[in-house]
Amino acid sequence: MRYFYWGLFWISVYLILVIFPCLVMFYGKMPGGSGFWWDFSMVLGFAAASMMAIMFFLTARFKRASLPFGVDIIYYFHKQISLLLLLFILAHPLILIVSEPVVVEMLKPKLLNRYMAAGIVSVVLVIFIMVSSLWRKQLGLHYDNWRIAHIFLSASSFLLALVHILGVSHYIATPEKRIVWSAIMGCWFLLLLYVRLVKPISQMQKPYEVAKVIPERGNAYTLVVAPVQHAGIRFLPGQFVWLAMWSSPFSIREHPFSISSSAEEPEELRFTIKELGDFTRRVKDAPSGLPVYIDGPYGAFSIDRYAAAPGYVFIAGGIGIAPIMSMLRTLAGRKDKRSHVLFFAGGNLDKLTFYEELLELQKKIALHMIIVLEKPTENWQGETGFLTGEMFGRHLPENRNELEYFICGPVPMIHLAEKELNRLGIPLHHLHSELFDFV
Ligand SMILES: Cc1cc2nc3c(=O)[nH]c(=O)nc-3n(C[C@H](O)[C@H](O)[C@H](O)COP(=O)(O)OP(=O)(O)OC[C@H]3O[C@@H](n4cnc5c(N)ncnc54)[C@H](O)[C@@H]3O)c2cc1C
């Protein structure tokens, strides 16, 4: 419930921050006789500018603000609200062009002043940002290159929008209104300073180093890192961090990984990483002593947020076992007495990361484990194929509606599990999932 009220609080803060600059626009002396469509277009423009400013706060990873929702939901919101932002940004000039012929004249090259030009370039950049973000994979853009371009273009389009507002708008002609917009700009610069300077410096002051790399089943490696002359971080089992290795925290080359070790043993952190691309393929070669920088922990995917539950059901596919392993190891470390269920789907036994340790864990906690193999060997006696609702129905205990469910794996598996569990009558607020692919 605590998280629910904090969630409501942060949503209200967001709405106030978006609406406030628009209200300020109508405060005090207004330029007269502009008409409804003109004013409406201005409201859209101001709302879009304040939404642009808040976009940077959304992705600045403020722990308090992201905790009630989880970082993946914040990023999802960032993506969805960008569509509304694009709509506002496009509607702002289009309404003026259609309703005010004088605007068309102002856009002609001869009459175009630099403030109007700044507005036009800002709109073009936003369109470019949206296209490259929505279709990044289809356009074949590498994640790191896309991210660098995304940050640079977003900052440029916001600054150009501010130049446009300060230069052409009569609506902020009074000193009070200029103060509000200057304050917005000031906050934005402070945020930039915090994210790109203060935060990296604090990461530099609390470095980690590679202790060892352990090969696991299923093309995965467990990277064990230890804090260098500091106490390390406390985390909830199932949470993740952004990790920078072979780069400084000032560079933006960092990757999110779930902590797979027990929250009861925070003196070293383990990350179990499957080979996929440039970074993950290098993990196996990380030498002992290599500096590692960590930003976190983040995330709402944790049993500790539902500590009073009568038991947990874990549903993992492939490397989705990593955050779940952290929760299982933590339960074992705490000598938990409740009964839990694990559905673990994978290709074959050889690919099931942590298979042996899971068998060992069954001796420490009451864990009913259902392994589902897509390509089993001939003598396999267990479940085969993909996870199905029918399998859930057969293996879940009678008190299934009271349990909390943690799902992590490929996106189609997560969607199937959520749909089928809900069909079995499990309330949606008992289903918690972690997406490894939210960008
Ligand atoms: C919350 C969360 C927890 C995760 N936990 C684990 C884990 O425990 N084990 C594991 O093996 N994988 C985990 N991942 C996935 C892991 O972050 C990506 O596989 C990894 O960053 C890919 O990097 P790459 O350079 O090897 O691959 P690339 O070929 O560069 O990228 C492959 C895809 O991974 C995603 N990706 C790449 N870089 C990043 C980045 N910096 N930030 C976000 N996404 C990126 C992009 O969608 C990209 O298309 C997690 C992801 C998230 C979001």
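Some observations on this one:
- Test: residue in the stretch 24-33 that is in the same structural domain as Ser122 (by TED's automatic domain parsing), surrounded by 15 or more Cβ atoms within 10 Å (Cβ to Cβ) and at pLDDT below 90: yes
- Reported count of residues in the stretch 1-23, each being touching a helix residue (DSSP H, G or I) at 6+ places or on another chain (Cβ under 6 Å) and modelled with pLDDT under 85, is 4.
- Members of the stretch 260-282 found to be more than 8 Å from the ligand (Cβ to nearest atom) and of a type in the set (A, V, I, L, M, F, W, C), listed by number: Ala263, Leu269
- All of (1) surrounded by 12 or more Cβ atoms within 10 Å (Cβ to Cβ); (2) hydrophobic (A, V, I, L, M, F, W, C); (3) away from the ligand (no atom under 16 Å from the Cβ) hold for Leu428 with one exception: (1).
- Residue that is surrounded by the most Cβ atoms within 10 Å (Cβ to Cβ) [pool: residues in the stretch 355-373 that are farther than 23 Å from Ala309 by Cβ and out of contact with any strand residue (DSSP E or B) (no Cβ under 7 Å at 6 or more places or on another chain)]: Tyr355
- Beta carbons closer than 7 Å, at least 6 apart along the sequence or on distinct chains, pair a first residue in the stretch 258-282 that is within 11 Å of Ala220 (Cα to Cα) with a second that is more than 6 Å from the ligand (Cβ to nearest atom) and part of a loop (DSSP other than H, G, I, E, B) for Phe271/Ile259; Phe271/Ser260; Thr272/Ser260; Thr272/Thr353; Lys274/Gly218; Lys274/Asn219; Glu275/Asn219; Arg281/Glu275.
- Subset of the stretch 299-338 [of a type in the set (Asp, Glu) and farther than 15 Å from Ile259 by Cα]: Asp336
- Residue satisfying condition, being among the acidic types (Asp, Glu) and either within 12 Å of the ligand (Cβ to nearest atom) or more than 30 Å from Asn422 (Cα to Cα) (or both), within set Asp304, Asp350: Asp350
- The stretch 218-259, residues that are touching a helix residue (DSSP H, G or I) at 6+ places or on another chain (Cβ under 6 Å) and more than 11 Å from the ligand (Cβ to nearest atom): Leu236, Pro237, Pro249, Phe250
- Residue in the stretch 316-337 that is open to solvent by 30 Å² or more (accessible area, probe 1.4 Å) and hydroxyl-bearing (Ser, Thr, Tyr) present: no
- Restricting attention to the stretch 164-178 and to residues that are open to solvent by less than 20 Å² (accessible area, probe 1.4 Å) and at pLDDT 75 or above, the residue that is nearest to Phe46 (Cα to Cα) turns out to be Ile165.
- Number of positions in the stretch 247-267 that are under 23 Å from Pro200 (Cα atoms), at pLDDT 95 or above and part of a loop (DSSP other than H, G, I, E, B): 1
- Within the stretch 204-220, the set of residues being within 18 Å of Pro291 (Cβ to Cβ) and either open to solvent by less than 20 Å² (accessible area, probe 1.4 Å) or outside any helix (DSSP H, G or I) (or both) comprises Lys206, Pro207, Tyr208, Glu209, Val210, Ala211, Lys212, Val213.
- Once the stretch 128-138 is narrowed to residues that are open to solvent by less than 70 Å² (accessible area, probe 1.4 Å), touching a helix residue (DSSP H, G or I) at 6+ places or on another chain (Cβ under 9 Å) and not charged (D, E, K, R), the residue that is nearest to the ligand (Cβ to nearest atom) is Ser133.
- Here the condition is being outside the structural domain of Pro410 (by TED's automatic domain parsing), within 27 Å of Val195 (Cα to Cα) and open to solvent by 30 Å² or more (accessible area, probe 1.4 Å); of Glu268, Glu264, it holds for Glu268 alone.
- Listed conditions (1) part of a loop (DSSP other than H, G, I, E, B); (2) under 28 Å from Tyr75 (Cα atoms); (3) not hydrophobic (A, V, I, L, M, F, W, C) are all met by Pro323, apart from (1).
One line per residue, one yes/no per condition, for (1) out of contact with any helix residue (DSSP H, G or I) (no Cβ under 6 Å at 6 or more places or on another chain); (2) hydrophobic (A, V, I, L, M, F, W, C):
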{"residue": "Ile273", "(1), (2)": "no, yes"}
{"residue": "Arg282", "(1), (2)": "yes, no"}
{"residue": "Pro310", "(1), (2)": "no, no"}
{"residue": "Leu328", "(1), (2)": "no, yes"}
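The values are calculated or read from the model by the stated rules, or taken from the named source; none is laboratory data. Remember, it's a predicted structure, so these values are computed and weren't measured experimentally. Note that each Cβ is placed from the backbone with ideal geometry, even for glycine, and that neighbours are counted across all protein chains shown. Ligands, DNA and RNA are stripped out before the accessible areas are found, and what is left, the full protein with its side chains, is counted by its heavy atoms. Shrake-Rupley method; radii C 1.70, N 1.55, O 1.52, S 1.80 Å.
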